[in-house]
Every structure is written in structure tokens, then in C-alpha cells.
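Working notes for the structure below.
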Amino acid sequence: MTNVVDFVWIAFRNLSRSHVRTFLTMLGIFIGIAAVVSLVAISQGLKDSIQAQFDKIGADKLYISVKNTNFGVGSDISSVKLTTEDLDRVKKSQNVKTAIAYNIKAATVTVGFENGVHYLIDIPDTADERELAIALNSLEVTTGKMMRKNDPDQVVIGAELAKPGLYSKTLGVGTKILVNGRQFQVAGIWKKVGDPGTDSSVFMSQKTLRELINEPKLVTVIVAQSAKGANPLTVAETVKKNLRSFRNVKEGDEDFEVQTPDDILRSLNTVLDIIQVVLVGVAVISLVVGGIGIMNTMYTATLERTTEIGVMKAIGARNSDIMVQFLVEAGFLGMAGGIIGVALGAGIAYLVQIIASFYLGSNLLHVYFPWYLIVGALTFAFVVGSLSGALPAWQASKLPPVEALRYE
Amino acid sequence: MAKPIIECRDVWKTYSMGDVKVNALQGLNLIVKEGEFVSIMGPSGSGKSTAMNMIGGLDIPSKGSIFLDGKNIAHLTESDLAQIRGRKIGFIFQRFNLINTLTAKENILLPMMFQDTPLAERQRHATELLKMVELDDRTNHKPNELSGGQQQRVAIARALANKPQVVLADEPTGNLDSKSGDIIMTFLKKLHKEGRTIIVVTHDEEVAKCADRIYILKDGTIVKTQKGGYVR
Ligand SMILES: Nc1ncnc2c1ncn2[C@@H]1O[C@H](COP(=O)(O)OP(=O)(O)OP(=O)(O)O)[C@@H](O)[C@H]1O
Ligand SMILES: [Mg+2]
């Protein structure tokens, strides 16, 4: 068997005879590979950062909300409600250390003569509940100060709301705004947390928010902390059972749900996985198209190089030599496309990371390139190339030498 | 007494194109002895190239036997034929047939690559062959940077790469002016002097006269044999 290095050398010479065609042939492959690499790197990075966020919250938390309500978003549409009575039940459940409730409500905010719609989020008014709420959302006042407990006319705003240009009058400490027509003063601004919902919301005392919306007992989300050593999943079952009997619903018909961070994480990951599968599927289709491009180029090469194939055979090349030569060339096209694709994909992923850190705060997204992604992408590109080249290679190899030599 | 290196016994080659059958060779009998310089002449379409292809193992006959160095090659597989072509035969074509993407030297390296010659040996031998055809100053030129005569000299060097016993040249001067043609023939005569068996197909009386013996082919069979003007 002839040395592979020799074939690579000839393949290189053959591919460099038409740079433009070689480039165009690789285009299909490298777009596909770039898409796969960047998508996997970004979504893997996203998963990691979500995991990190949840680790920060802690695995001992339970989230209780009305069913069909997305986590973190208010339940304005639903007629089913949770109230402070539910909160009491949760608090009294076995192995629940503490529980807090907070509300999320859309409200009209008036700044000067301009109106906008933002979410209102409340903060409990007792010291330890307050502490827990702040820790849960990783909140921290960077400018100004926190509103006082039960404060009737002060708010703290998310970092996005304090951005110049949002309103003609930039919001800052001391600015007076109207929320649903009632006047408040901005006491402080949160540090950017990277979650657009939190960053563009208005926070006020729980008592004040309930007065404002005239719902003295309403709660949107209850967050419970399970006792040390207790299994959060068991605690979740207990809470569920208690709420079922209190709300008088049968098992399976619950109008509320109890989620642990693990549940939420799992469902988020499922969504990410589905997105990943769909996008990678699209990328694979583009790789198939790229493979067809390689096949086309190799068929053209078989025709163009018919005489050459005859000559190679006349000077001692076996059918297998011609076959391997074409396969190596096609594989090389795939491989080179793969290398450019991996580089491009990495570039795109890092660009997304930079953009994400610019808009959502740093450290939120760290794109992730496992070795198997890179090795896998390159191997796959090589295999796609070789497979696409297989048929043309076989065709070229079985050309009878005399006919190939006579070919004009 | 030299032994026969090539022997064609009642060789037939029939091409069928649809219903029409063309007998390119019709009972060809021919013997070439080791170290002989033979030329084949004949009108166009008489089967000269077909005969050369059979002798060189590029094609197999429809009927008959072809002995190359005592071995019948008429029924060998393509892969066995490739081996024989690579090791025992050196082809020189009318259209030079160099690989255009490769340099002069690389073209000469190619046949050695298919025989797994060690790398250093390949390089050494290619350089030596380039020197032999007096093109050592054109080592890295591509075929399109060489004149026709120079390309044919590279082709001669390539034909000799695996030290074949037999050199087959199908109208090697057909695409060249007479001066370049003369140079090519000088090289072929030199190879012959070194002991190689040479078969040249030609339309040119002058070229044919270089040979020990001239076979005249007509309608796929030898009709006349004459002594060439070659003096040993
Ligand atoms: N592949 C083929 N298919 C059909 N007919 C063929 C084929 N190859 C050769 N022939 C026919 O066989 C006959 C001999 O052809 P060949 O090429 O051997 O002639 P030649 O003596 O070399 O002629 P020239 O001097 O023009 O090169 C011709 O009639 C040709 O048409
Ligand atoms: Mg001919």
C-alpha cells in the first residue's frame, strides 16, 4: 500500500489547482460545522451559567405558584390565586424552615409626562423574610439606599430602569415617579443581576404594593426553605399535600405547583436540549448539503482528470490507489472545511459571549468548548467529506485505463 | 542468444459498438527479444496502439496469449496488471501525459510512490533521472512551463523511474518538431544501448530506421518484417 502521506501531498496539489472552487466546496461544510460548534458551545455555556445561578439560590428552596404560570412572571390572566393563607399553610408544613411570599404585577409607571409599563415586585417587611428575598434574587443596592420596612412612598429600581435615555428624564436616586398614579421616590438602584426581568422592575414594600393594587392577601410566588437535613423533594410532597387539603383539590387536579430548583433546572434544560437538537439538526442538514457539494466537486474532478487517471494507472497505480487518492481529497476538503468551521464557530460563540456580557452583565455566559466537541466536529467533517467522495472515488477508480487515456 | 521478452500469440481484440464489431487486432503474432529495439509502423487504424496497450498490460485481448518475461498476462486482473505496468513497463505517450499540477521532479517521483520505494531512494533516483535527460535545471518547473520536447524528456525519465525492462513509446515524436524529435530518439537509442528493450510506434521512416527491426502492421496483423538501419 502506498504511503498516506503521498496521497495527502497529491491531494493538496490537486486541491490547490482551483482555489476558488476548493473554497466554495468547503463553504457548505464549514458553515455547518461553525453552526454546530457555536450552538453547542453557547447552549452548553448557557446550561452551565443557569446551573451556577441555581447553585447560588441553593437546592433547599421550593417555589410554589399557580399552575401554568411561568416562573418569575405574574399571573395577571389567571383567576386562580394564592393568598397569605396558603403561605401560612406552607409555613406550618413539616420540615419547612421559613417561607416568604412576593408579588409580581405589571403597573403603569409615569416619569415626568411619559408612561411606561414595568413589573412591580414587592419585598417582605419583616427582617429575616427580607433578607431571604434579597438573597434569593441576588439583590444588592449599589447607588442610594434600600427602602425602609413598610415604607409607603419609596422604591428601589432595577439597573436597566436607571439607564439614561429610557425616559427623557433619567431615573436616579431622589427622582419622583408615579406608579399606578401614586407618587413614589427612588431610594436606591440595584446592581445589575443579568436577568432582564429583575433589572427592569420596580421594587417596593410588600404592604405598600398590596395597598396599591388593593389585594391585601394576594401572593404570586411563595418561596419556602426546607429545614437543614431534610430532603427538598420530600418537603415538596408534604407542602403539596397540605395545600391540596387546604385548597380542597384532588391529587392530580392541583391548580398550583410546587417546584424545586432541580425541577426548574430540569425543565429549563429540557427546553435548551430541544432547542439544541433542532438547531443542530438544521446544522446537520447544512452539512449534508456541504457533502453534496463535495460529491459534485469530486465528480467534476473525475471527469476533468480522466486522462490523468489513465496516466496514473499506466505508471502503476492500482484501482485502490486511485480510490484512496479521491477519498483523501474529499476527506481533506471536509477536514479543511471542518477546521475553518471550528475556528469560525469558536469566533461566533465568543462574540455572543462578549455581546451577552455587554447587555446582561459579565460572567453570565461562559461559552464552553469540550474537547469532544472539537474532535467530534473535525472527525464528522472528515467523514462527511470522505463519504461524499466515496461514490465519485469508486467511479474514478474503476475507469478502464485505455478508455481513460483516450478521453479528450 | 537473447530470449524473447515479449511474445504475442494469435492475439485478437474486438471492440463492439452497439451491433457493429471492430476487429482492431486479428491474429497478431509478434516476438520481441530482450534488449531489442523494435519499431511498429502501419496505416492509421491498423491496430498499432491497440497492440501496444496489450503488450503493456493496459488492456486485455479478446483472444490469444501475451507473454511478458515468460508469464502470460492475457487473463490477469486489473490489480495484477497495475503491478506489472508499474514495475516492468515504462510508457511514453504522444501527448506526453505529464500530471499538470506536479513539477517535473514530482512527475518522476510518482511511479516510485506506487511501488513503495523508500523516500530517500525516490529523491535520489529522480534527481539522477532528471540529470540523465539533461533537465536538472528544470526540476521545479510545471509541465506548462516546459517546451514539448522538454516535457517528453520528463516523460522518458518518468518511464524509467521503476527501472523497467521494457519501454513502450506510442508515437513519441508525433507532437514534436523534427529537432526535438531527434533529441528524443537520441535518448531512446541511449536507453537501448544500456540494455533496455524498446518498442516504438511511429509514422516516421527516419524514426523507424533507428530500430533493429521494423514490423509493418495492417488490419490488425503483421504483414511485413524488415531490418532497421540500426547498427549495433
Ligand atoms: N475503444 C475503442 N472502441 C472502439 N473501437 C476502437 C477502440 N479503440 C480502437 N478502436 C478501433 O480499433 C482500430 C485500431 O485502432 P488503433 O488505435 O490501434 O489504431 P492505430 O494503428 O494506433 O492508429 P493511429 O495511427 O491513428 O494511432 C481502429 O479502427 C479504431 O477505430
Ligand atoms: Mg495510435
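The values are calculated or read from the model by the stated rules, or taken from the named source; none is laboratory data. From a predicted model like this one, the values you see are computed outputs, not experimental measurements. Note: ideal-geometry Cβ built from the backbone for every residue, glycine included; neighbour counts use all protein chains shown.
Things to note:
- Residue in the stretch A:318-329 that is hydroxyl-bearing (Ser, Thr, Tyr) and either over 30 Å from B:Asp170 (Cα atoms) or in contact with a Lys or Arg (Cβ under 9 Å, 6 or more places away or on another chain) (or both) present: no
- Enumerated strands (runs of 3 or more DSSP E) restricted to the stretch B:124-232, each holding at least 2 residues that are under 15 Å from B:Asn97 (Cβ atoms): B:166-170
- Considering the stretch B:68-89, and only residues there that are facing chain A (nearest Cβ under 8 Å) and not aliphatic (A, V, I, L, M), the residue that is surrounded by the fewest Cβ atoms within 10 Å (Cβ to Cβ) turns out to be B:Ser79.
- Any hit, the stretch B:113-122, residues being surrounded by 23 or more Cβ atoms within 10 Å (Cβ to Cβ) and either at the interface with chain A (Cβ under 8 Å from one of its Cβ atoms) or not small (Gly, Ala, Ser) (or both): yes
- Only residues that are assigned to a strand (DSSP E or B) and surrounded by 13 or more Cβ atoms within 10 Å (Cβ to Cβ) were counted in the stretch A:109-142, giving 11.
- Filtered residue count, the stretch B:48-67, keeping only those that are away from ligand 2 (no atom under 16 Å from the Cβ) and either surrounded by fewer than 22 Cβ atoms within 10 Å (Cβ to Cβ) or not hydrophobic (A, V, I, L, M, F, W, C) (or both): 8
- Residue that is within 14 Å of chain A (Cβ to nearest Cβ) and either at pLDDT below 95 or more than 16 Å from ligand 1 (Cβ to nearest atom) (or both), where the choices are B:Val154, B:Val207: B:Val154
Yes/no matrix, rows are residues, columns are (1) more than 15 Å from A:Met298 (Cα to Cα); (2) more than 24 Å from the chain's Cα centre (by Cα):
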position: A:Met323; (1), (2): no, yes
position: A:Glu329; (1), (2): no, yes
position: A:Val342; (1), (2): yes, no
position: A:Gly347; (1), (2): yes, no
position: A:Leu351; (1), (2): yes, no
position: A:Trp371; (1), (2): yes, no
position: A:Val375; (1), (2): yes, no
position: A:Pro392; (1), (2): no, yes
position: A:Pro400; (1), (2): yes, yes
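- Candidates A:Asn296, A:Asn319: the one that is touching a helix residue (DSSP H, G or I) at 6+ places or on another chain (Cβ under 6 Å) and either within 14 Å of another protein chain (Cβ to nearest Cβ) or polar (S, T, N, Q) (or both) is A:Asn319.
- Of note, B:Asn162 satisfies the criterion of being out of contact with any Phe, Trp or Tyr (no Cβ under 6 Å at 6 or more places or on another chain), within 12 Å of another protein chain (Cβ to nearest Cβ) and either within 16 Å of ligand 1 (Cβ to nearest atom) or at pLDDT 95 or above (or both).
- Entirely in the stretch B:1-82, the strands (runs of 3 or more DSSP E) that have 1 or more residues that are within 15 Å of the chain's Cα centre (by Cα) and within 16 Å of ligand 1 (Cβ to nearest atom): B:37-41
- Residue in the stretch A:393-401 that is buried (at least 16 other Cβ atoms within 10 Å of the Cβ) and within 16 Å of ligand 2 (Cβ to nearest atom) present: yes
- Flag if A:Gly174 is assigned to a loop (DSSP other than H, G, I, E, B) and at pLDDT 90 or above: yes
- Listed by first and then second residue, the pairs with beta-carbon distance under 9 Å, at least 6 apart or on different chains, first residue in the stretch B:179-190 and farther than 15 Å from B:Ala155 by Cα, second surrounded by 15 or more Cβ atoms within 10 Å (Cβ to Cβ) and among the polar types (S, T, N, Q), are B:Asp182/B:Thr173.
- Summed over the stretch B:90-107, residues that are facing another protein chain (nearest Cβ under 10 Å) and in a helix (DSSP H, G or I) total 2.
- Those residues of the stretch B:133-159 which are crowded, with 23+ Cβ neighbours inside 10 Å and touching a residue at least 40 places away in the same chain (Cβ under 8 Å), in sequence order: B:Val133, B:Gln151, B:Gln152, B:Val154, B:Ala155, B:Ile156, B:Ala157, B:Arg158, B:Ala159
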